[in-house]
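Student: Below you will find the structure I want to go over with you.
Please treat every number below as a calculation from the coordinates, not as lab data. Here the structure is a predicted model, which is why all the values come from computation and not from measurement. Here the Cβ is made from the backbone with ideal geometry for all residues, glycine too, and neighbour counts use every protein chain on show.
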Amino acid sequence: MQAKKLRCGVMLDSPPSGFRTPDNKPSGFDVVYCEDMAKALGVELEIVETPSPDRIPALVSDRIDVLVASTSNTPKRALTVAFSQPYMNYTTSVITRKNTGITKFDDLKGKKLGGVTGTTTEQQLNKSIAEWKDPGTTYTGYASDTEAFLALQQGKIDALLQATAVYATLAASGQFPDFISAGEAPVPPDVVAMAVKRNDQEFLNWVKLFVWNQVISGRYQEVYNQFFGEGKAPSLTVQGVDY
């Protein structure tokens, strides 16, 4: 508030959550949430691009004030930063090419797999690889979704895991016509939260209220429809447990 500026960390290589328009302007679900947050605070907004591996370091090193970058709220990460309640919920699909013969998650065994370094989907995929104990199954981590998509397109990997909504947007764009979905992956939904500095309790309280107000006001549904298409926005709660 003293600086009259909100530095909001967003991944801009993960449409429709964050991306750049043809005229190089940041856009996406997360970007609009940052815009709404700055408006509610009455301050100027600065969008800071934070690739997946740099999300937590950017917050810890004080390059950003808040992280709105599809970040899973894991206990390990919570040792370093403070998370709000969930603001978005993603199911996960297997993405492959038409010629790989992969039609379901179990077909990934023995294949060349990839993903974005430091993501929850990478952890889930590597957990399955460890359980399979198949020497023919390999994994390669990439710095961004863009690099992972290109690796899949070029045949460097055979499949990856991606948020279902993100893949739907990618498919609609026609950018990768050889990509197909091989169904949902049997992994928990990727419930993501905003993050602030670990010792910033006052701002965390405000961010949590902001997330609550986005839902109760109908803004969550509105922005969801804008970037993910028509349909009911996914629940931000998990049955059987209160966050």
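Student: For a test of the definition: using alpha carbon positions, the gyration tensor, and the 1.5 limit on a/c, classify region 96-156 as rounded, prolate or oblate. Let's see the in-between values first.
Tutor: Numbers: a/c = 1.87, a/b = 1.10, b/c = 1.70.
Oblate, because a/c is 1.5 or more while a/b does not exceed b/c.
Student: I'm spelling it out carefully: the read-out is semi-axes √(5λ) of the Cα gyration tensor in Å, the candidates are [x] 31, 19, 17; [y] 25, 22, 18; [z] 33, 22, 17, and one was derived from this structure. Which label?
Tutor: [x]
Student: Can you compute the charge dipole magnitude of the chain about its Cα centre, using +1 on each Lys and Arg Cβ and -1 on each Asp and Glu Cβ, nothing else charged? Give it in debye, rounded to the nearest 20. Kindly include the intermediate steps, with their values, before the conclusion.
Tutor: Working: 24 positive and 27 negative charges, 61 e Å.
It comes to approximately 300 debye.
Student: According to the square roots a ≥ b ≥ c of the eigenvalues of the Cα gyration tensor, what is the shape class of region 1-135, taking rounded for a/c under 1.5, prolate for a/b larger than b/c otherwise, and oblate for the remainder?
Tutor: Cα axes put region 1-135 in the prolate bin.
Student: Right, something else. Which residue, chosen from Ile95, Thr138, Thr71, occupies the Cα position most advanced towards the positive end of the dipole of region 43-174, where the dipole is computed from +1 (Lys, Arg) and -1 (Asp, Glu) charges on Cβ about the Cα centre?
Tutor: Thr138
Student: Sticking with this one: Projected onto the charge dipole of the chain (+1 at Lys/Arg Cβ, -1 at Asp/Glu Cβ, origin at the Cα centre), which of Gln123, Pro53, Asn225 gives the Cα projection farthest towards the positive end?
Tutor: It is Gln123.
Student: Can you tell me the 0 to 90 degree angle between the C-alpha axis of helix 164-173 and the longest principal axis of the chain, rounded to 10?
Tutor: It works out to around 80 degrees.
Student: Tally Lys/Arg at +1 and Asp/Glu at -1 over every other residue whose Cβ is under 13 Å from the Cβ of Pro135; what's the total?
Tutor: So the environment of Pro135 carries a net charge of +3.
Student: Net charge around Val211, counting only other residues with Cβ within less than 11 Å of its Cβ (Lys, Arg = +1; Asp, Glu = -1)?
Tutor: Numbers: positive: Lys208, Arg219; negative: Asp36.
So the surrounding residues net to +1.
Student: Using a Förster distance of 35 angstrom, determine the FRET efficiency expected from the C-beta separation of Asp23 and Trp212, and round it to 0.05.
Tutor: Working: r = 34 Å, r/R0 = 0.97.
My answer for the efficiency is 0.55.
Student: Using θ = phi - 60° and the Karplus form 6.51 cos²θ - 1.76 cosθ + 1.60, what ³J(HN,Hα) does each residue of region 87-100 get, whole Hz, x for Gly and Pro?
Tutor: 10, 7, 9, 10, 7, 10, 10, 8, 10, 9, 9, 5, 9, 8
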